[in-house]
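Nothing in this text is a laboratory measurement; each read-out follows from the coordinates by a stated rule. Since we're looking at a predicted model, the values are computed, not measured. Cβ atoms come from the backbone with ideal geometry, glycine included; neighbour counts cover every protein chain shown.
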Amino acid sequence: MGVEGCTKCIKYLLFVFNFVFWLAGGIILGVALWLRHDSQTTSILYLHLGDKQAPNTFYIGIYILIAVGAVMMFVGFLGCYGAIQESQCLLGTFFTCLVILFACEVAAGIWGFVNKDLVAKDVKQFYDQALQQALQGDLTNSDATNAKTVVKTFHETLDCCGGNSIMSIGASLIQTDLCPKEKNLLETLAQGHLPQDCHKKIDELFSEKLYLIGIAAIVVAVIMIFEMILSMILCCGIRNSTVY
């Protein structure tokens, strides 16, 4: 016997919410794949300074986001099918998956909030080390060439030059092969400005992407809360209609 009245409305409302949840999972999966293959981040995070690779903490978060998007699409499909079939078993499995997914999302959100500055900090340290090696004169040719390649990649990708101090920027500008867009430091100073330092650009690059991830997480969390409430109400309605 099918559900009637308000419970029937909840059934179709739950189906709509699950469809939106399924779409949100697809969007999150697409955004995660875009962040994974974004030209700016890949240009920087694929760099090697000797035997040391650029910090990949950012990619760990992206891989988690890809997994979350895929699981959301599966859970959304399970919820849609369970709502239409009025199956307590499927809805119970759906509710359990939602609770687990919600707990994982809360844990990931707490970890992300605590470590929100870690990604940019590690990348800035990697850049500073490369810049220091590129400006030193006592390195072997291979080490100096590698360091200059890393620094030039940062400068060209982020359109910046030097660290977070005027001395660092000035030293980079004097090395015209490191900042090819600025041929002369005196000429640059005469124009009344210096190029943006790379520390600021690195902060902007990762803060924008983390902000986007945070908005997506909040939207998904709100949808999940509504779905958990609706699934509980629908299960109770199905149980009552079966009894009577």
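Some values worked out for this structure:
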| item | result |
| --- | --- |
| Karplus 3J(HN,Hα) series, Hz, for region 130-136 with 6.51 cos²θ - 1.76 cosθ + 1.60 (x for Gly, Pro) | 5, 5, 4, 5, 5, 8, 7 |
| Stretch gain in nm, segment Gln125-Thr93, where the contour uses 0.36 nm per residue and the Cα spacing is subtracted | 6.9 nm |
| Amide H within-cut-off set for Leu49, under 5 Å, with H built and near neighbours excluded | Ala54 |
| Where labels lie 7 Å past Cα in the beta-carbon direction, separation of Val222 and Gln132 in nm | 4.6 nm |
| Gain upon complete extension [Cys104, Asp117; 0.36 nm per residue less C-alpha separation] | 2.6 nm |
| Asp143-Leu212 FRET efficiency (beta carbon distance; Förster radius 41 Å; 0.05 resolution) | 0.65 |
| 21 Å Cα-Cα threshold exceeded, pairs from Lys52/Lys116; Lys116/Lys148; Lys124/Lys152 | Lys52/Lys116; Lys116/Lys148 |
